[in-house]
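Below: one structure, written as structure tokens.
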Amino acid sequence: MPNRSAKTGRYISNAAAARHPRTSVREKPGPNRSSATAHRSASSGRFVNERTARRNPGGTVTENG
């Protein structure tokens with residue numbers, strides 16, 4: 001499964017994700033069926049609202065549908 005850095009938005013290796021678990025997100029492969037923008041917390045993996053994403057830009061990943 002691919003991993004993405006919350007700080008840079010780039011894909012990172014499994015080893016890098018293991019070294020930085022609070023700022024990396026594991027993505028599930030598959031088609032994106034949503035056209036909306038979503039924000040996800042890097043530390044918990046849960047979806048967060050836009051206000052939370054703006055307060056913590058280095059710890060969230062924005063996914064555009």
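The values are calculated or read from the model by the stated rules, or taken from the named source; none is laboratory data. Computed from a predicted structure; not experimentally measured. Here the Cβ is made from the backbone with ideal geometry for all residues, glycine too, and neighbour counts use every protein chain on show.
Observations on the structure shown:
- Single match in GLU50, GLU63 (criterion: out of contact with any Pro (no Cβ under 7 Å at 6 or more places or on another chain) and modelled with pLDDT of 90 or more): GLU50
- Search result, residues across the stretch 7-41 that are among the hydrophobic types (A, V, I, L, M, F, W, C), at pLDDT 85 or above and not in a strand (DSSP E or B): ALA15, ALA16, ALA17, ALA18
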